[in-house]
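**Student:** Take this structure first; my questions come after.
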């Protein structure tokens, strides 16, 4: 079980994490953050395998993934 | 080693730098200053330092930037065309408030000019040279002993004010030999809590010159200029010679001041009331002392090995109170006779005008 | 078993960056920070920035930093390293900064075998000034100063790694890319090897990273990654050009 945290205020909505997530569980939110971008967010945390490909490709170091998040 | 020895100007600069605790030198060969490099290439490894021969003066001055940021006492030296190449780096060093010593053994110019003595880089160092609002302390020694003393002083000033200091020599001073004493001093190691040395036990230190928000840049410039005001207040230096009753005042710096002094002595033998004023710091220019020295003057002769550069500061200091005329030669250090003749001619005019 | 999860490297300061959406500079910054943290060198590092999109690197890294003038970073790094030979000293430079105005400083730094590392971000143009042609611009590539596409009269792409690998003073020279997670992992290994080369005192090291600039290329972030893979890599082949004994 993994908890994926998005530092939404730093996200510029480039969507690379959306593309590289093998489980297709990351989406860009409908709302905008303070910078005016649609930040990335996760729609089904239970499917996350902690592979961290999203974090690896994120150019703004928005994503942190910790094991053992709230079930 | 406090005994008197015979030494060439360029070698003396190198030895003085070592005495002052300088352990890093970055430079590029150019006549007539190359002996500074050669001496330091020999000597710095002996005292635990490093000499790096850069691929250009552009690179050399940026190595100085890096070494100064890393906390070292550091120097470079060149001659006029090479100093031109360093101007960009000097602007950055001044803005980043890094202590560094830059020696200019001036040669003929503009362009490739020649390898003769010159004083034609006055504007470049005293008035700016690089881009933006900054000042350089500029020292003008007139003998090999003073090259030594001013090199040591330059390191002290650079450290005290966190600012680059320029020492003006010329082809003659760099190449001539005179008896000198290298003082036996024990300089403290540099104390630079702001240096980028790796942040063990503190937060990150940053050395930079970029201030994108307009107010930050304005604050930065205001802060620099508050420091420059302090330097102006503390560091104006000059030497007067027989100025008390002088109706004719010769103003000259560096090697030219020695020639001027000899000419003044010759003219005094003729009963002419002539004196000499020698700025030792070109920036800050010793304007108050010049005003005092010129209080009885009816004519002032600015003597320079250039087409007339220092003369502008002489005029700024004296205003319209007294005529200021230029005596100059290019490509050589004149004989005292020539300045003596100029003094005689002015003395006749002064007497004719009653 | 590979370690799962991901934490931001402590050596990156937590603040918003000026980089455009999808810009690979951020990935490069993160990799440098990760390697420094993994090597435990945060307190022994002096980073030397540059002018261009890398200009704020000293504001993003949490270690001592210097902001030099355009192209002169290898000279500045030389000054730092000679004074502090036991520190990790690296420059972070783009292709305008390194491969145009700073060519002299870069080449002679390598020729001297200066024991520093250059992190070289190649995105084929001047990003910060609005996408002008650089020496690294691809043939036919449209930029604001090659509006009809780079032609023969505007020169040919400059392969920095291949040139520097001929310098005897260069110990480690590698070109990597950032267009997918596997390449990113390879890039990180290259940075690690470069830093290890330096800390072992083996001489000059450089890692060139082919890096996407979606904004100035006029592509989406994803299209820009494809552009790196399909257009840049054929001109700038990936690989390690030089690896010293003992860092393998």
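Here, each number is a calculation from the coordinates, and none is a lab measurement. Keep in mind the model is a prediction, meaning the values are calculated, not measured. Here the Cβ is made from the backbone with ideal geometry for all residues, glycine too, and neighbour counts use every protein chain on show.
**Student:** Just need the relative contact order of the stretch B:238-352 here, percent rounded to a whole number, with Cα pairs under 8 Å and 6+ apart.
**Tutor:** 32
**Student:** Between residue B:345 and residue C:185, what is the spin-label point distance in nm, taking each point 7 Å from the Cα along the Cα→C-beta axis?
**Tutor:** Inter-label distance under the simple model: 8.5 nm.
**Student:** Using a ≥ b ≥ c from the Cα gyration tensor of the stretch C:33-114 (square roots of the eigenvalues), is it rounded, prolate or oblate, where a/c under 1.5 gives rounded and otherwise the larger of a/b and b/c decides, a/b for prolate?
**Tutor:** oblate
**Student:** Starting from a Cα-only point model with no solvent, please compute log10 I(q)/I(0) by Debye for the stretch C:162-248 at q = 0.16, 0.26 1/Å.
**Tutor:** Reported log10 I(q)/I(0), two decimals: -0.64, -1.19.
**Student:** By count of other Cβ within 10 Å, fewest leading, how are B:238, B:229 ordered?
**Tutor:** Lowest to highest Cβ neighbour count: B:229, B:238.
**Student:** Can you tell me what share of the DSSP beta bridges in chain B is antiparallel? A percent to the nearest 5 is fine.
**Tutor:** 25
**Student:** Hey, could you get me the Stokes-Einstein D for chain A, Kirkwood radius over alpha-carbon pairs, 10 °C and 1.306 mPa s, rounded to whole µm² s⁻¹?
**Tutor:** In µm²/s, the coefficient is 133.
**Student:** What FRET efficiency do you get for residue C:145 and residue C:14 if R0 is 45 Å and r is their Cβ-Cβ distance, rounded to the nearest 0.05?
**Tutor:** 0.75
**Student:** For the stretch B:238-352, what is the convex hull volume of the alpha-carbon atoms per residue, in Å³?
**Tutor:** With only Cα atoms used, the stretch B:238-352 gives 87 Å³ per residue.
**Student:** For chain B, count all C-alpha to C-alpha pairs, find those more than 25 Å apart, and express that count as a whole percent of the total.
**Tutor:** Above the 25 Å cut-off, chain B has 53 percent of its Cα pairs.
**Student:** Sequence gap at least 6, Cα distance under 8 Å: using those rules, report the relative contact order of chain C to the nearest whole percent.
**Tutor:** 19
**Student:** Related question: As I understand it, the value is the acute angle between the Cα axis of helix C:181-199 and the longest principal axis of the Cα atoms of chain C; what does it come to in degrees, rounded to 10?
**Tutor:** Roughly 50 degrees, rounded to the nearest 10.
**Student:** Measure nothing fancy, just the Cα-based angle from helix C:25-38's long axis to the longest principal axis of chain C, in degrees from 0 to 90, nearest 10.
**Tutor:** Roughly 10 degrees, rounded to the nearest 10.
**Student:** Also, I was wondering about something else. Would you list B:18, B:115 from fewest to most Cβ contacts within 10 Å?
**Tutor:** B:115, B:18
**Student:** Report the label-to-label distance for residue B:4 and residue C:200 in nanometres (one decimal), using points 7 Å from each Cα along the Cα→Cβ vector.
**Tutor:** That separation, rounded to one decimal, is 5.9 nm.
**Student:** Ok, one more. Please report the spacing between the Cα centers of the stretch B:18-75 and the stretch B:298-354 in Å, no decimals.
**Tutor:** 38
**Student:** Let me ask something else. Nearest-5 percent of antiparallel DSSP beta bridges in the protein assembly as shown?
**Tutor:** Counting DSSP beta bridges with both partners in the protein assembly as shown, the antiparallel share is about 30 percent.
**Student:** Sticking with this one: Quick one: Kirkwood hydrodynamic radius for the stretch B:6-89, alpha-carbon pairs, angstrom, one decimal?
**Tutor:** Taking the inverse mean of 1/r over all distinct Cα pairs, the stretch B:6-89 comes out at 12.6 Å.
**Student:** Compute the distance in nm between two label points, each set 7 Å from the Cα along the Cα-to-Cβ direction, one at residue B:217 and one at residue B:269.
**Tutor:** Reported label-point gap for residue B:217 and residue B:269 is 5.9 nm.
**Student:** Specify the residue with the greatest mean-square fluctuation among A:29, A:55, A:40, computed from a Gaussian network of chain A linking alpha-carbon atoms under 10 Å apart.
**Tutor:** A:29
**Student:** While we're here: Given 10 °C and 1.306 mPa s, how large is the Stokes-Einstein diffusion coefficient of chain C in µm²/s, with Rh as the Kirkwood radius over Cα pairs?
**Tutor:** This corresponds to a translational diffusion coefficient of 89 µm²/s.
**Student:** OK, next. Treating the angle as unsigned and between 0 and 90°, give the value, to the nearest 10°, between the Cα long axis of helix B:336-352 and the longest Cα principal axis of chain B.
**Tutor:** Between helix and principal axis, roughly 50 degrees.
**Student:** Follow-up question, since we're still on this one. Take C:248, A:47 and order them by how many other Cβ atoms sit within 10 Å, fewest up front.
**Tutor:** C:248, A:47
**Student:** Considering the protein assembly as shown, what Rg and Dmax in Å follow from its alpha-carbon atoms?
**Tutor:** In order Rg, Dmax, the Cα atoms of the protein assembly as shown give 29.7, 107 Å.
**Student:** Let me ask you something else. For the pair residue B:185 and residue A:32, what calculated FRET efficiency results from E = 1/(1 + (r/R0)^6), where r is the Cβ-Cβ distance and R0 = 56 Å, to the nearest 0.05?
**Tutor:** Efficiency at R0 = 56 Å is approximately 0.30.
**Student:** If R0 is 25 Å, what FRET efficiency do you get for residue B:210 and residue B:123 from their C-beta distance, rounded to 0.05?
**Tutor:** FRET efficiency, residue B:210 to residue B:123: 0.35.
**Student:** Find how much the distance from residue B:312 to residue B:47 grows on full extension, using 0.36 nm per residue of separation minus their present alpha carbon separation; answer in nm with one decimal.
**Tutor:** That works out to 91.1 nm of additional length.
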